[in-house]
Structure formats: C-alpha cells, structure tokens
Amino acid sequence: MLISLNDTLSWHVSVEDDRFRLSDFLLDPDTHRPVYMILDLGGWFETDHALVAVSLMQHPDLDSGMLPLAIRADELRQAPHWREEKGGLSSLLTSLPPLVVGPFGATHAPLAMAVEGMGDTSQDDVDGDPAAQEALTRYERFTDWRDKPVFARDGEVGRLSDILHDIENGEISHFVVDSGHEEGGQVLAIPSALLRHHAETEKGGHIVLNTGIEAIRTAPRVGENEKLTGGWQPALKRHFALAT
C-alpha cells in the first residue's frame with residue numbers, strides 16, 4: 001500500500017485512545033528509507049515531540065486521515081523526545097514591556113511574570129534526550145527534501161513535491177515531481193530506482209535522476225486520485241525500461 005508523505009502531514013496518528021499530529025519524517029541519508037515519524041504531542045509554551053519508528057505504521061484510514069500505530073501509550077512515553085519553544089512565544093515575551101505602572105502607582109514587570117509562569121525547565125528538557133538528538137543529527141527531514149530542485153542527466157526537470165512510501169516493504173516507491181507541465185488533477189511520479197544522487201541539505205538538497213529530460217517529459221502521468229492505488233506502476237516501469 002502506498003501513502004503520500006506530504007498528505008500524511010495533515011493527518012493524525014492514533015495511539016490507543018490518544019490522537020497526535022504527525023509533523024514530519026526522518027529519512028536515512030544512505031538508503032533514503034523513512035526511518036522515524038515525528039509526532040507533535042502538544043504543549044502550552046513548548047511543543048513536545050517524540051520519534052516513533054515508521055515500521056510501527058498500520059494501514060491508515062484514508063477517508064478520516066487517521067494513521068494507527070502499533071505502540072502502547074506507555075511505550076510512546078519512553079520514546080526519544082525533545083521540546084521546542086513555540087514560535088509565537090518568543091515574540092510575545094519580547095513584546096512585553098519590562099515595567100508597567102498600575103492605576104494606583106504600583107509597578108509590576110509582565111516579562112518577569114510571564115517567564116516565572118513558565119516554571120523551571122532544565123536544559124535537558126529543552127534539548128531532549130540523547131537518542132532524539134542523535135537521530136535528528138543523523139537523519140534528514142522529509143520537509144527539507146520537499147520543494148528542492150530535481151535534475152535529469154541533461155538538465156533541471158522541476159521540483160520535488162511529494163514522496164510516495166510503500167508501507168509493505170518500508171521503501172520509498174516514487175518521487176512526485178512538479179515539472180510545470182502536468183494537467184489539472186495529474187501528477188508526475190518518478191520511480192525511486194532512478195535516483196542517482198541526493199545532495200546534502202547544506203549543499204542545496206537537489207535530486208539527480210538517472211534518466212533524461214525527454215523520458216520524463218513523455219512519461220505517463222498519474223491521476224491525483226489514483227496515485228495511491230499503484231495500478232499505474234507497471235506502465236511507468238516499462239516507460240523507463242525498469243525491470244518489472
């Protein structure tokens with residue numbers, strides 16, 4: 001079964017009776033396989049994140065956008081985790097005046113009160129545990145791949161808009177490329193077997209395919225509503241002369 005990594009970022013995952021937002025994937029830079037999901041566990045001043053192995057995915061409910069995970073709530077609490085300050089908090093705190101004179105002449109400091117209200121948060125809580133930090137350093141975020149330029153052997157062909165992931169074998173199945181030539185309701189899916197090179201994010205993050213511009217231009221397009229069915233894959237393999 002295929003899933004769209006881009007679509008899943010608008011889904012929720014279910015762990016027993018709890019629901020959490022799926023915010024990103026971590027990809028192995030060597031095999032390009034999705035390894036971890038990043039879950040947003042919520043939080044008030046900070047957002048709690050946890051890493052859960054992609055192998056724990058179960059078949060999703062595409063209609064409701066719900067992805068069940070084969071993990072218990074107590075196991076999720078033990079998963080690698082870290083906290084990030086919510087983006088709006090810094091701007092809120094910096095906008096508060098350092099000292100305010102009240103209507104009866106008393107003074108108070110809203111900034112100090114806000115910081116005090118946050119409670120004591122250790123550096124370890126903010127940075128997360130070592131396992132999470134190691135994974136975030138080693139692996140690449142899907143959202144860092146998205147919208148990066150895609151090149152054929154003889155020139156640029158578009159930008160990466162999505163990745164199709166095969167739940168059954170844990171592999172990336174296809175890259176979805178926006179070439180600017182797709183008609184409404186159609187997408188261009190390129191077999192992952194054609195991946196020749198993916199540059200590190202620091203070097204632009206571009207993708208190079210082992211095929212030519214003409215082969216991509218004439219490749220059969222896939223209907224947006226059919227991209228997860230997989231029935232179009234044999235024709236695409238024949239077009240690119242890949243083993244079926």
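The values are calculated or read from the model by the stated rules, or taken from the named source; none is laboratory data. Treat the numbers as computed from the prediction; the structure is a model and nothing was measured. Every residue, glycine as well, gets a Cβ built from its backbone with ideal geometry; the counts of neighbours run over all protein chains shown.
Quick look at the numbers
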| item | result |
| --- | --- |
| Search result, residues across segment 1-51 that are in a loop (DSSP other than H, G, I, E, B), under 16 Å from the mean Cα position of the chain (by Cα) and within 21 Å of A132 (Cα to Cα) | L9, D28, P29, H32, R33 |
| Residue in segment 53-61 that is of a type in the set (V, I, T), part of a strand (DSSP E or B) and either surrounded by fewer than 14 Cβ atoms within 10 Å (Cβ to Cβ) or in contact with a strand residue (DSSP E or B) (Cβ under 7 Å, 6 or more places away or on another chain) (or both) present | no |
| Cβ pairs under 9 Å, 6+ apart, first in segment 153-177 and assigned by TED's automatic domain parsing to the domain that holds R221 and basic (K, R), second surrounded by 15 or more Cβ atoms within 10 Å (Cβ to Cβ) and outside any strand (DSSP E or B) | R153/T211; R153/I213; R159/R146; R159/K148; R159/S179 |
| Segments classed as strands (runs of 3 or more DSSP E), wholly inside segment 183-241, with at least 3 members that are under 21 Å from the mean Cα position of the chain (by Cα), surrounded by 15 or more Cβ atoms within 10 Å (Cβ to Cβ) and outside the structural domain of P60 (by TED's automatic domain parsing) | 186-191 |
| Tally of residues being on the phi > 0 side of the Ramachandran plot and either loosely packed, with under 15 Cβ neighbours inside 10 Å or assigned by TED's automatic domain parsing to the domain that holds H197 (or both) across segment 2-37 | 1 |
